[in-house]
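Engineer: Take this structure first; my questions come after.
The values are calculated or read from the model by the stated rules, or taken from the named source; none is laboratory data. Quick caveat, the model's predicted, so the values are computed rather than measured. A quick note on method: Cβ atoms are made from the backbone with ideal geometry, for glycine too, and the neighbour counts reach across all protein chains shown. When the accessible area is computed, the model is the full protein with side chains, heavy atoms only, and any ligands, DNA or RNA have been set aside. Shrake-Rupley method; radii C 1.70, N 1.55, O 1.52, S 1.80 Å.
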Amino acid sequence: MLDRNFIGHEFNAFSVDVEKGKLKFFAKAIGESNPIYSDESAARDAGFKTIPAPPTFPMVLDMEGPEFLPVVNLLNMDIGCVLHGSQDFEYPGTIYAGDTITVTSKIIDMFDKKNGQLEFVLMENRYSNQANELVAKAVNTLVYRNV
């Protein structure tokens, strides 16, 4: 069983610069053809200050941290038994090209099902820009299969 004493654990924050090229590449990778995600003029014409990040882009920022999935090491999980169960996003603001985003992450809940065969770890990530404005929030559910 995973150690429930880690509920509430906060990981070290880190910052990531959001580059236009990265936004354009992500939009292309997810099949997003709206020109606001690749053309600065189209973005401005649509009312944005510059190119905005496409939906779900914050997950890319998670991968820019100093350690990939630090929760795996903290909870001593076998990475081969971890499954990404779900991820929900909220957008109280907008991430733009040129922003510096600070990512904070913490474990907000842990529970099990099937008599402990499956354990669930809920992570909350918050994304704030250089003005310390919350621009996105994600809740990620990891599923851990005990063998």
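Engineer: Tell me yes or no: at least one residue of the range 16-33 is closer than 15 Å to V139 by Cα, out of contact with any Asp or Glu (no Cβ under 7 Å at 6 or more places or on another chain) and not hydroxyl-bearing (S, T, Y).
Structural biologist: So far as the range 16-33 goes, no, none of its residues is closer than 15 Å to V139 by Cα, out of contact with any Asp or Glu (no Cβ under 7 Å at 6 or more places or on another chain) and not hydroxyl-bearing (S, T, Y).
Engineer: So is M1 of a type outside the set (S, T, N, Q), surrounded by fewer than 17 Cβ atoms within 10 Å (Cβ to Cβ) and in contact (Cβ under 8 Å) with a residue 60 or more places away in the chain or not?
Structural biologist: Against the criterion (of a type outside the set (S, T, N, Q), surrounded by fewer than 17 Cβ atoms within 10 Å (Cβ to Cβ) and in contact (Cβ under 8 Å) with a residue 60 or more places away in the chain), M1 qualifies.
Engineer: Could I ask something else about it? If you take the residues in the range 51-79 that are loosely packed, with under 14 Cβ neighbours inside 10 Å and polar (S, T, N, Q), which one is nearest to the chain's Cα centre (by Cα)?
Structural biologist: N73
Engineer: Can I ask one more? Looking at the range 110-128, which of its residues are surrounded by 14 or more Cβ atoms within 10 Å (Cβ to Cβ), out of contact with any Lys or Arg (no Cβ under 9 Å at 6 or more places or on another chain) and closer than 23 Å to N5 by Cα?
Structural biologist: Selection gives D112, V121, L122.
Engineer: Sticking with this structure for a sec: Residues that are on the phi > 0 side of the Ramachandran plot, without any contact (Cβ under 8 Å) to a residue 40 or more places away in the chain and not in a strand (DSSP E or B): does the range 112-130 have at least one?
Structural biologist: Yes, there is a match, as at least one residue in the range 112-130 is on the phi > 0 side of the Ramachandran plot, without any contact (Cβ under 8 Å) to a residue 40 or more places away in the chain and not in a strand (DSSP E or B).
Engineer: Report yes if some residue within the range 64-85 is in a strand (DSSP E or B), of a type in the set (A, V, I, L, M, F, W, C) and in contact (Cβ under 8 Å) with a residue 24 or more places away in the chain; otherwise report no.
Structural biologist: yes
Engineer: Run G8 past the list (1) open to solvent by 60 Å² or more (accessible area, probe 1.4 Å); (2) of a type in the set (G, A, S); (3) within 27 Å of Y144 (Cβ to Cβ) and report the number of the one that doesn't hold.
Structural biologist: Result: G8 passes all but (1).
Engineer: Can you pull out every residue in the range 11-50 that is under 30 Å from M110 (Cα atoms), in contact with a helix residue (DSSP H, G or I) (Cβ under 6 Å, 6 or more places away or on another chain) and either surrounded by fewer than 18 Cβ atoms within 10 Å (Cβ to Cβ) or without any contact (Cβ under 8 Å) to a residue 24 or more places away in the chain (or both)?
Structural biologist: Matches in the range 11-50: none.
Engineer: Now for a separate question. Which of the numbered conditions does Y91 fail, given that it passes all the others? Conditions: (1) closer than 21 Å to P52 by Cα; (2) within 14 Å of the chain's Cα centre (by Cα); (3) open to solvent by less than 70 Å² (accessible area, probe 1.4 Å).
Structural biologist: All conditions pass for Y91, except number (3).
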